Structure formats: C-alpha cells, structure tokens
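Right, one structure below, let's go through it.
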Amino acid sequence: MQSFKYARPESLPELLELLEKFRDRARLISGGTDLLVKLQHGNLAVEVVIDIKRVAELSDRVVTTNGWVSIGPRAVIGRVVRHPGIESAYPALVEAGRIVGSVQIRNRATVAGNICTASPAADTVPPLCAYDARIRLVSTEGSREVPLRSFFVGPGKTVIAPNEVLAEIRVPAPHGAMGSSFDRITRRRGVDLATINIAGVLHDNGTAVFAFGAVAPTVVVAEETSGDLCDPTVSADRVDEVLKTLLATARPISDVRSSKEYREAMLLVAARRVQRTALERLTQARGGRE
Amino acid sequence: MSYSVIGSSVNRVGGRDRVTGRQVYSADVSVAGTLHAKLVRVPCARARIVSIDKTGALGVPGVRMVFSGEDLEPPYFRYGPVFADKPIIAIGETKYDGDPVAVVVAETVDAAEAGARAVEVQYEELPAVVTIDQALDPGMPLVQDPDTRGDSPFRDTNTLKEWRFGWGDVETASADLVIENEYSFPMISQFAMEPFAFTAAPDHDVMTIYTSIQIPTKMQKTIADLLGKPLSKVRVVAPDPGGAFGGKQHPKFEPVLAYIAEKLQRPVRLELTLAESFYAVRRTSARVRVRSGFTRDGKVAFHDVNADWLIGAYADITPRIVEKGSYAGGGPYVIPAVRILSRALLSHTTPPSAFRGFGVPQMNLAIESQLDIAAKKLNIDPMEMRLRNIPRKGQNFLPDDPACDGHWDQVIARAAENIGWNTPKESNRGRGMALGIKMSATTAASYSVVRLHADGSATLLCGTSDMGQGARTVYAQIVSEELGVPIERIHVVMGDTSTVPFDLQTTASRSTVYMGRAVYAASQDVKRQLQEASSQGSDSNEEILKSLFGKVSGEIIGVGTARAEKRDGHPLGGHTAFYELVCTAVEIEVDRETGGVTIHKLVTAGDVGKALNPQHVHMQDDGAAVMGIGHALMEHLIYDERGRLRNAGALDYRIPTTKDTPGKMVSVFVENEDGPGPYGAKGCAESGLLAIGTAIANAVADATGVRIRELPLTPETIWSALQEAGDRS
Amino acid sequence: MNEMTTVPIAVTINQTRYDVEVKAHHTLLEVLREQLHLTGTKRSCGEGECGACTVLVNGEAVNSCLVLAAEMDGAEILTIEGLERNGELSPLQQAFLDRGAVQCGFCTPGMVMAAEYLLRTTPHPTEAEIREGLSGNLCRCTGYEGIVEAVKHAGRETDS
Ligand code: FES
Ligand code: FES
C-alpha cells in the first residue's frame, strides 16, 4: 500500500480541525473495509487517514428516540441489524445489512461507511432511502441535515464537503402500519456484490416507496401513491404495471457482473418479490393494529 | 486382502501443522538479507515498449535495481516445458495483459512498490488477439515471431500446432441419427488459495529457489540452464503448496528472480497477490464442434470433432493438454469411427497451463452433451445409453492403448443408485449424468528412499509435492503397512531437490501409483535387508535392529524405483498407467425467473482400484465436485475487446462458498483392487472434475427443456437461453 | 495526537503484550506476518474476500488485511498461534484434523478462526448457521464438507 499518515483525534473539534487542515487529502476510517480495499488497489491516494474510533461525540450505537431511530456513525452493520429497535421496525434494513459482505466485514464495517463510500451497489442504501433516512453532517461551520435520497452525486461522490463529517443517520419511525422488504440478485449465494438490489416500503396510506441499487450512477428512488401496491386484492397484472412505472427511472448498464438486459429483467423479478413480502408484512401490521 | 493401515482413514500427515498455523508455505520462508521485488506492468493486452525511464525508481531510497528487457543481450534465454519460447521478461513487446515489463528490486516491500510506481514506461498499444476467431483470422497480427518458430509448418499463423487422432471412417460410418453442435468452454482460474511467492537465494556457487511448485526437478533444470550451472548447484526447495491444481507445475517468475539474484548476489523475493496470480496462469479455453452419429438402438456410430483451443502467447504445457484431452476425446466408449482435429491457437491472454483434468472437461462438455441429446431424440434413458456404449473390463476401446481396466458398469450403477436415477422426481427438477475419462501418466520416473533408523522409526524421502492431495499420508501408510512402523514414528521428507531423490513430476493423479510403487519398493528393500539379518536368529524389527546396531549405530537404507519408459511411435509417447473414470450425477432445480440453479444432490462415483485412505478419496471427490460447480455455474475470466482482464482477483471472479454447495453431496467408489498402484490402487485426484459441468448442463436441459452449450451456466446465461426458447415457441 | 507516519502501539497478541512501532499504512496482517513473524495468519486475496487472514480482535472476527495495525493500539488479538493450550490442540483444531477439514491447509488458519468466532457467539450452530458463519472464508480444496462437519462436531463437543 502507498504510504500515508495516520491520525487519531480524541474529540470532534480535534477531528474537524484535522479535516480543515487536510481537506480532500484526508480520508476518515472507522471500519475501513472499503477504504483499505481502495488504498490497496492504489486507486486512491491520500495524505492522511483519520481514525474516528476514539471520537466520543461520534456514537457507535443505535438509539431510539421520539419519532426517530438514530444510527451512530461508528455503529457496525453486524450490531445494527441485531438491534431490537431496528429488527422490529425496519426489516428491509435488516435483510440488507445481513448480506453486506461476510461476518468478518459486518463486524467491522459501519452503516455510515456503507453510505459514504457511495458505491451504486451498496446494500444498506436502498432500504435507508426507502425509509427516508436523513444524514446529519457537521463541520466547523455548524451542522446540516440532508435527506439520504439527495446525498449522492455519483459513484463514489456525495454532498459531504471536505471539511464535513457524518455525525448521525436518522431514520423516521413509521407513522402508521408499514411493510417493507429487501431483495437482491447476485452471481452466487455466498458473499457477493449485488447485480441489482431493491428495497420497498409500503405505507398504510397507500404510498409505496421503492429504491433500486446498481442500476444507475446513484441509488434511484421512486414513489407511487395509487395505493395498488399496498392492496392485497389487486391483480398481479396491475401490480406489474405499477412496478414497471416505478422502474422506468432505472438506467442499468452492462459491466462484468451483468448485462443491461439481465439487470432490467431482474429489477422486475426482484421488485415483485419485494412487493409481495412487503405487502404480507403490511397486512400483518394492519392486522396487529386492529 | 486385509491390511493394518492401508484402507483406513488415518489423519492427514502434516495436518497438525496446518491447524496450528505452523505449516511453512513459500510466502512464509524468510531468508536473511532478502531484497523484495515488484513487477511493473502496462494496462493493455499487447504493447510495443517504447522506452522505460528508470531514473525516478532508482531515486527511491532503498531501490537497488530496475531490471527490464533492455538489460538482456541476444540470444535470449527462453524456457518452457514443451517449447523454449518464453523470455524471462518481456523483450520489446508485451504479449498479454499483465506481462511484466520491468522488475523493481528494493530493500523493503514498500520501497519496491514505490519504485514500481515511479518507473515510467512509454508504450504503444498494439492490436491484440483475444478470441478464437481473432486467432484464426489471417488479418490479425502474429502472436509469436515466425523466426522463433523454427521449421513449424504453422509458423506464419497463430496456430501453434495441430493434432489428428482417430480410427475407422467417419465419412462412411452409417448412422440413424446425426447431430452437430458447437460447445464452448471458458477460461478458468486455478485460484489456489495460496498466491505465488518465490525467493531466489544465491549462496556461494549454489542457487536456491524457494517456490511452491509441483515439479521441483523441472524447475531445477530450467534454472540450471539459465545460469549455466550443473544440476547439483541448483537447489529447489518446494514447501508444500497451498493448493496447486496443475497451475503450479511450471516456472513462472522464478527464472527472472534467479537471474537478478545471481547478478546482485543477494536473495530476492517476490510475492504476488491473488489478483496477480490471475495474470500468471489459467485454464485453456476451447470451442468444440462435433458431428455425431448414432444408431437407432443408441450406439454411438461416430464422432467427428473439430476443437480449437485458445492458449496464450507462450505454449507452456498446453500442447500436451490439447494432445491428451483430444486423444481420448470420444470418451469411455466403444465407437467404430472417430476423427478428431485439434488446434492450439496462440493469443494475447494469460498463459494457460495445466488444471485438474487437463484437457478433458473441455472435450467432455461436447461429447457427453451429444450423448444426452441423442438419448432424448432416440427416446432412450441417458444412463442406459451410456451402459450400451461403455466397454466391459478387458475390452479394447482405444486401438493403440490398454483395454478397459475396470468395471465401469459398476461405477454407473453406484452413481445411479445414489442419485436415485430410477426413482420419480419432483416436476420442477432435472437430473443429469455424465461420464468422464482421463488418460493418466504415460511415462514415469519416481525414486524413493526409506531409512529405517536404529530405534525402529523411519524417514521416507521422496520428491512428490503434497499440495493437499495427501501424498505424505498415503506414503506413510505404505511404509507403516510394510514395515510395521507406527505412522507417528514416520517422517516424510519432500520438496527439496538437494535432499530427496528424483521424481519426474506431481501431475496426472500419478503419485499414489508411481511414487507409491517406489515407496512400496523401498519398503520392500528394507524388509529384505531385515529378513537377511534376521536369518541370524532374531525376528522382531527391534531385535534385528538391536543385533545390527547395538554396538555401532547405523540404519537400514531401502531404495525403490518406479519407471515407465517412453514408447516410440505411440501418439502420447506411452501407454496410460490406468484410466481415471468417473460418473457424476446431479439433481437440480432452475429458478425460471432468475436463471439461478439449485443443486439438490450431487454424486461422484469413481473407479479407484483401492482406496488407500478412504477419507482422503472422499476429500478429493468433494473438493473436485465443488470446484466443478464453480466451473459449471460461475467461473470465467472476462476480457474486454482490447484484451484487458476485467475480473482478476476474488472480488469479481467468483468461486463457490460454503453456501454454494449442493444440498447433499455424496462420493462413492468402486474398489476391485485392479489398479497398477500399490495394493491395486488407481489415481483419483482429477476424476471428480471431469464431467461435472456436463452433468449439470444435462440436468438443466432435463429440467427446462433448454440445452445450453456453453459454460458457465450463470443465472444470466440460463435466463437468456430460457428467454430465447420462450421467444421461439 | 498528531498525524504520524510511524505509530507506536501496544497490543496483546495471544496473551503476550507487544509494544511496537508500526508504519501508518501497514495492515495488521502485514505487521503480524512480517514484523512479528506470526506467519500462521495467511494472506490470499488481500482485499477482504477470502477470510484467509481472519483473526479475532477484541473477540470479533475480522479480516486482518482490512485493518490498519495503527488502529490496533490497546487491542486484544487472537491468532491461530494462540489456540493451542500447553501443546494440546483446541477441540476445534482437533475436529478439523479428525473430520477431514484440511487439505492443503492454506485456508485453514482463517477458517479455524472464523469457526472459533462462530462457536463463541453461537455455541451450537445449525448447519445453516455454520455455512453462513464461514461464507466469508474461501477454500479451494475441500468442497467445505469436512469443514462444516468439523464445526458441527466441535459445536457438539462443547456440550459435554
Ligand atoms: S487476505 Fe484478508 S480476506 Fe483475503
Ligand atoms: S484446504 Fe486448501 S484452500 Fe482450504
């Protein structure tokens, strides 16, 4: 690996100061599972790697507060998916988080890292987008909140400024009954990168939010309010019709993992599966409420 | 026969070191004062090297040398197991993506890496030959300079060599059904978990090479030729390889390291990453067109085969792969007429070498698919079809070769019974079966020494490489069986040409048979000496040893040899020692929406003669089966149109994980103690891989009604085929 | 603390404390193998895809090729060399040996460490849990059958 320097700030001000100093010549490390691969491949040159694991202000936990679930920037995926608050309310995030890399990766990789790497195929991004997660960013200039849906600019690129750090991922608590699910297509059953991935969230009020990964430079989010996807009595043909309109915004390409045509076809296959499971869950949630 | 340790599943000799992390692999070897090397490459398939500016690299603190083709003078030393065609480093032109243009040598790995980044290579990308069609296109550039190809009749083409085999007359053979198809088999990576690591260490006049290699003696010869040294002054230390599968038979970067080490008179070490290994070796891909005739009652009437094999820019062992794969290409059947024309085609891609099964799986896909297609058309059960065509024991099926040496009907029966061939299956499932046959070693030269020490323990010296197949274990069992020495009191020494006697090579599932025979003979030699000594009145080993060495210590040395000489005039240079025969059967299910395959059950049935260690045989079968599932469902090297390898490494080249294995995997074998090895053993290391791709393709056809003639059967490939079939109907 | 090219760290590896200076850009794997000569931990892919380099850091299985050594200050690390007790194989190591889980052995140290972690967190894993727990560890030799058997068996052993 090309050489770089290492810094380990112990507080947020110290971290922000380092960021001010090094700007885009610095990279933050928490889990490091993406960063180190990039550094090993030599397609990223940095001057300093800043370890944020001792910055007390950056939490490694999941906290449920009034109306929100807050995921700390240092919370590792393996723990997030086992958190009772997440397990009970956000099955799509759990399903996605459980298949990110291997056990070893999930023990180390953070949800925040999965987001900030901005890989178009990142598995936790579609569910978090579908749940309408917000990202809180801080810098010496203050703090701002960005919807995850408008967080990505392109592959590997986000709206984070060189002097900013991700401080929190905030996921709104479900308003009413909600059903959600995640699915993906891969080349093998074991650990793999997604050929395409999809998360779907169905709300009691008839709104359906789908988010697709690996089908465009950034995640694609599509929303639909006819209510048909949330209605168990609607015909399969009609569901297909609606799903196809949702999928129309996806722009898959061909690469080593798959052809464009296969991606397009699998989008619909996976979207159907996601809708089916999400609807079962919505129905269950509606039943539970009565 | 009943034996004490032969035929029992004793634990792996060397296993303890492997579960504790103590086993030393080639990357774990550390020689004091070692310099570190890093390769410099250009990112394209073929380039003219315009200039190499070494100044920046030489300015990096710690860099000791930047070596490139310009540092060599003609005539250039070239090496290779069949043709000496490969220079130690690219001279003037790179010939495949990853072909190194320079080697940076430095005091530390970091400095070598920094140096490699600082080397400035000016190059001009040239058009490259990447596919079979391009290799056959007379308009494409020549991969090898005609002047380096002597009097080859093909010197002005990209055909390296052509082979014609066969018998009977396919033109006049009468058949009720004729089918013709084309099949293609991809480029596959050996993907040994252990990446390559080499150290060349000069010491006085001896050059020592530490490398993970299957044929230390051939390496020794190559380095001796390169440096102009006698064999005695080149020592090859070959730690047990961390997997090899054929990919570690022949020299890779050892020659260039030895050259540099000799120049600098310092040890030099090079460790490749797993991704870099993808540029060092692969499996030969092939396109096979076959026209087959069948009689109404399901007998094969003829096969007329045209096979094109895509090799690299240098031949390596591929001529032998094509030759052996083609020779018995018709399969284990009695066929009146066979005609096979095979061509090895040069290209600008990763140089292929051996891989478990050699050239068999490529041909197998074509021939065994044809059999299934015919069976369906003739309305004959595919298993029955095979039973009607296989030879019985003692029956000839290859005109110039030994007769069928086993009860192959029993092998099919075991496979059938274990997969439940004749039982009803669920409607969405498919079953498939395929036979595979491989010619084994045709020549041999294995020598072994057994030293029975004064305390009754024994040291065995032999030149096999134990790359996981368990040679150490089986040899220890043989010594133990013959001399009554407990396994734990036997030490097996391998992998150092300065210590162990000559062995031709660890290839072709030969070691149990040939080195096994040498070890057996060496043990018998010791036994004979013990018996001679015991005529003086003592009988137990201890008593004899005590009487011999009670006063002045010593040991008994037994020597054993197993050789098979070349047969002049035989197309393969000799008769196969045995046939490695397998029947693979699978039951699968296809997800019609995604094209994904689920393998519910897989059975590997082989004819092993005698399983000296049944657990080891099962491990070979299971390992080969899962490797074969990789071949069948997911593995292939992907090149772009410019010949750049797009999926080198573990990220985008997928091999099966713990979750990609069959629901149930069974390995069974037939044992009639009728092999040429000790106790009637035959080799069995490759059989599990020979036919599995075909068995799965046959099962996919059974499940979906759609025949796919290429591997791998990725979800996308199957999905596309189903779409196409759907569109057609 | 300032940015450094060389980082002093104090780590406990297999219950032995090491105070070492590591290069900021060196991975834990490199430091284990090249600096501390603990070569039992293997390097294969070097990019987190094969598990050959698996070690436990503060009780969690991680790929040591994807961890900077500098991050390890204060950590407790267990490598394959630390599993034996007084020259006795651990039950898991013994099961690997007995059940035919080892061929070339190159994947074995990482595989054993991943299995050790699995059994610590899930003492009696089902076959599916074993296959999930080891799916980040590639083996090219065994077809995984013996490995899964070994872990199943070791899981049962810890019962008694
Ligand atoms: S070497 Fe670390 S995961 Fe492969
Ligand atoms: S035993 Fe060889 S890679 Fe697993």
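The values are calculated or read from the model by the stated rules, or taken from the named source; none is laboratory data. This structure is a prediction, so every number in the text was calculated from the model and none was measured. Cβ coordinates were reconstructed from backbone atoms using ideal geometry, including for glycine residues, and neighbour counts include every protein chain displayed. SASA here: full protein model, heavy atoms, side chains in, ligands and nucleic acids out. Shrake-Rupley method; radii C 1.70, N 1.55, O 1.52, S 1.80 Å.
For a quick check, take a GNM of chain A with Cα springs below 10 Å and name the residue from A:Pro91, A:Pro127, A:Pro155 with the largest mean-square fluctuation.
With Cα springs under 10 Å in chain A, the top fluctuation among A:Pro91, A:Pro127, A:Pro155 is at A:Pro155.
Highest first, please rank the peptides B:229-235, B:87-93, B:458-464 by the mean number of other Cβ atoms sitting within 10 Å of their residues.
Per-residue Cβ counts within 10 Å, averaged per peptide and sorted highest first, yield B:458-464, B:87-93, B:229-235.
For the protein assembly as shown, with every protein chain kept in place, what is the accessible area per residue (1.4 Å probe, Å²)?
Working: 41070 Å² over 1179 residues.
Each residue of the protein assembly as shown exposes 35 Å² on average to a 1.4 Å probe.
Can you compute the FRET efficiency between A:Glu261 and B:Thr423 using 1/(1 + (r/R0)^6), with r the Cβ-Cβ distance and R0 = 60 Å? Round to the nearest 0.05. Write down the numbers at each step before the final one.
Numbers: r = 38 Å, r/R0 = 0.64.
It comes to 0.95.
Under a 5 Å amide H to amide H cut-off, with H placed in plane at 1.01 Å, what residues pair with B:Ala681 once short-range neighbours are removed?
The list, which skips near neighbours in sequence, is B:Lys610, B:Gly675.
Could you list the residues of segment A:123-167 with an amide nitrogen less than 14 Å from a label point located 7 Å from the Cα of A:Ile253 in the Cα-to-C-beta direction?
A:154-157
With solvent modelled as a 1.4 Å probe, how much accessible area in total do chains B and A shield from it at their shared surface, in Å² to the nearest 100?
Working: alone 27430 and 13660 Å², together 39140 Å².
It comes to approximately 2000 Å² buried between B and A.
In percent, how large is the relative contact order of chain B, given Cα pairs closer than 8 Å and 6 or more residues apart?
Worked out over chain B, it gives 15 percent.
List the trypsin sites (Lys or Arg not before Pro) within segment B:581-632 that DSSP assigns to loop and that have no more than 16 neighbouring Cβ atoms inside 10 Å. Intermediate values should be presented prior to the final figure.
Values: sites: B:Arg592, B:Lys601, B:Lys610; in loops: B:Arg592, B:Lys610.
When the trypsin sites (Lys or Arg not before Pro) of segment B:581-632 are filtered for loop state and at most 16 Cβ neighbours within 10 Å, B:Arg592 remain.
First measure r as the distance between the Cβ atoms of C:Arg156 and A:Lys157, then evaluate 1/(1 + (r/R0)^6) with R0 = 41 Å and state the FRET efficiency to the nearest 0.05.
Details: r = 51 Å, r/R0 = 1.23.
About 0.20, to the nearest 0.05.
In peptide C:66-74, what is the residue-averaged number of other protein chain Cβ atoms found within 10 Å of each Cβ? Intermediate values should be presented prior to the final figure.
Numbers: counts 14, 7, 10, 1, 7, 11, 0, 3, 1.
Mean number of neighbouring Cβ atoms from other chains: 6.
Below 8 Å, C-alpha to C-alpha, sequence gap of six or more: please give me the relative contact order for chain A in percent.
Once divided by the residue count of chain A, the mean separation gives 16 percent.
What average number of partner chain Cβ atoms lie no more than 10 Å from the Cβ of the residues making up C:32-45? Could you put the intermediate results ahead of the total?
Values: counts 0, 3, 3, 0, 0, 2, 1, 9, 8, 1, 9, 7, 12, 10.
The mean count of partner-chain Cβ atoms within 10 Å per residue comes to 5.
Select from segment B:387-451 those trypsin sites (Lys or Arg not before Pro) which occupy a DSSP coil region and have at most 13 other Cβ atoms within 10 Å, ordered by residue number. Mind dumping the intermediate values first?
Values: sites: B:Arg388, B:Arg392, B:Lys393, B:Arg414, B:Lys425, B:Arg429, B:Arg431, B:Lys438, B:Arg451; in loops: B:Arg392, B:Lys393, B:Lys425.
Within segment B:387-451, the qualifying trypsin sites (Lys or Arg not before Pro) (loop, at most 13 other Cβ atoms within 10 Å) are B:Arg392.
With 12 Å as the cut-off, how large is the P(r) tail for segment C:107-160, expressed as percent of Cα-Cα pairs?
Taking all Cα-Cα pairs of segment C:107-160, the fraction more than 12 Å apart is 59 percent.
Stretched out fully, how many nm does the piece from B:Asp203 to B:Asp151 gain, at 0.36 nm a residue minus the Cα gap?
Details: separation 52, 0.36 × 52 = 18.72 nm, distance 4.06 nm.
The span from B:Asp203 to B:Asp151 would gain 14.7 nm if fully extended.
Compute log10 of I(q)/I(0) for the protein assembly as shown with the Debye formula, placing one identical point scatterer on every Cα and leaving out solvent, at q = 0.04, 0.05, 0.07 Å⁻¹, to two decimals.
-0.22, -0.35, -0.70
Going 7 Å from the Cα of A:Ser226 in the Cα-to-Cβ direction, what parts of segment A:258-282 have a backbone nitrogen less than 11 Å from that spot?
Taking a point 7 Å out along Cα→Cβ of A:Ser226, no residue of segment A:258-282 has its backbone N under 11 Å.
Cα centroid distance between segment A:77-115 and segment B:106-163, in Å?
About 47 Å separates the Cα centre of segment A:77-115 from the one of segment B:106-163.
Where in segment A:158-175 is the amide nitrogen less than 19 Å from a point lying 7 Å along the Cα-to-Cβ axis of A:Leu44?
A:158-168
Among the trypsin sites (Lys or Arg not before Pro) in segment A:83-118, which ones are in a DSSP loop with at most 16 other Cβ atoms within 10 Å of the Cβ? Mind listing them?
For trypsin sites (Lys or Arg not before Pro) across segment A:83-118 that sit outside H, G, I, E and B with at most 16 neighbouring Cβ atoms in 10 Å, the list reads A:Arg98.
Checking the a/c ratio against 1.5 first, then a/b against b/c, what shape does the Cα gyration tensor give for chain B?
Oblate, since a/c reaches 1.5 and b/c is not below a/b.
Just to be sure I understand: if I project the alpha-carbon convex hull of chain A onto a plane and average over all orientations, what area do I get in nm²? Could the numbers behind the result be given before it?
On the way: hull surface 59.8 nm².
Averaged projected hull area, Cα only: 15.0 nm².
Using a 1.4 Å probe on protein heavy atoms only, how many Å² of accessible area do C and B hide from each other, summed over both chains and rounded to 100?
Counting protein atoms only, the buried area is about 4000 Å².
Points 7 angstrom from Cα along the Cβ direction at B:Ser232 and B:Asn396: gap in nanometres?
Placing both labels 7 Å along Cα→Cβ, they lie 4.8 nm apart.
Can you give me the distance in nm between label points at B:Glu73 and B:Arg164, each placed 7 Å from the Cα along the Cα-to-Cβ direction?
So the label points at B:Glu73 and B:Arg164 sit 4.6 nm apart.
With the cut-off at 27 Å, tell me which of the pairs B:Lys38/B:Lys324; A:Lys53/B:Lys38; B:Lys161/B:Lys221 have Cα atoms farther apart than that.
Among B:Lys38/B:Lys324; A:Lys53/B:Lys38; B:Lys161/B:Lys221, the Cα-Cα distance tops 27 Å for B:Lys38/B:Lys324; A:Lys53/B:Lys38.
Restricting to Cα pairs below 8 Å that are 6+ residues apart, what does the relative contact order work out to for segment C:91-157? Please round to a whole percent.
Reported relative contact order: 52 percent.
Using the Kirkwood radius over Cα pairs, work out the Stokes-Einstein diffusion coefficient for segment A:178-285 at 4 °C and 1.567 mPa s, in µm²/s as a whole number. Write out the running numbers ahead of the final one.
Values: Rh = 13.8 Å.
Answer, rounded: 94 µm²/s.
Let me check I've understood the local charge: for B:Ala106, count other residues with C-beta under 13 angstrom from its C-beta, Lys and Arg +1, Asp and Glu -1. What total comes out?
Summing Lys/Arg as +1 and Asp/Glu as -1 gives +3.
In segment A:62-172, how does Rg compare with the Kirkwood Rh, expressed as the Rg/Rh ratio over alpha carbon atoms?
0.94
State the Kirkwood hydrodynamic radius of segment B:298-447 in Å, one decimal place, computed from all pairs of distinct Cα atoms.
17.1 Å
Using a 7 Å offset from the Cα along the Cα-to-Cβ direction at both A:Val146 and B:Arg592, what is the distance between the two label points in nm, to one decimal?
If labels sit at A:Val146 and B:Arg592, their model points lie 4.6 nm apart.
By how many nm would the segment from B:Asp225 to B:Lys659 lengthen if fully extended, with 0.36 nm per residue of separation less the alpha-carbon distance? Numbers along the way, then the final one.
Details: separation 434, 0.36 × 434 = 156.24 nm, distance 4.74 nm.
Extra length available between B:Asp225 and B:Lys659 comes to 151.5 nm.
How big is chain C in terms of Cα radius of gyration and Dmax, in angstroms?
Values for chain C (Cα only, Rg and Dmax): 15.9, 52 Å.
So for segment B:156-260, considering every pair of alpha-carbon atoms, how many percent are separated by more than 25 Å?
Result for the distance tail: 48 percent.
Across the residues of C:128-135, average count of Cβ atoms on other protein chains within 10 Å? Walk me through the numbers before you get to the answer.
Values: counts 2, 0, 1, 7, 9, 3, 6, 13.
Neighbouring Cβ atoms belonging to other protein chains average 5 per residue here.
Rounded to the nearest 0.05, what FRET efficiency do B:Arg642 and B:Leu341 give with R0 = 30 Å and r taken as the Cβ-Cβ distance? Could you check?
Using R0 = 30 Å, I get an efficiency of 0.45.
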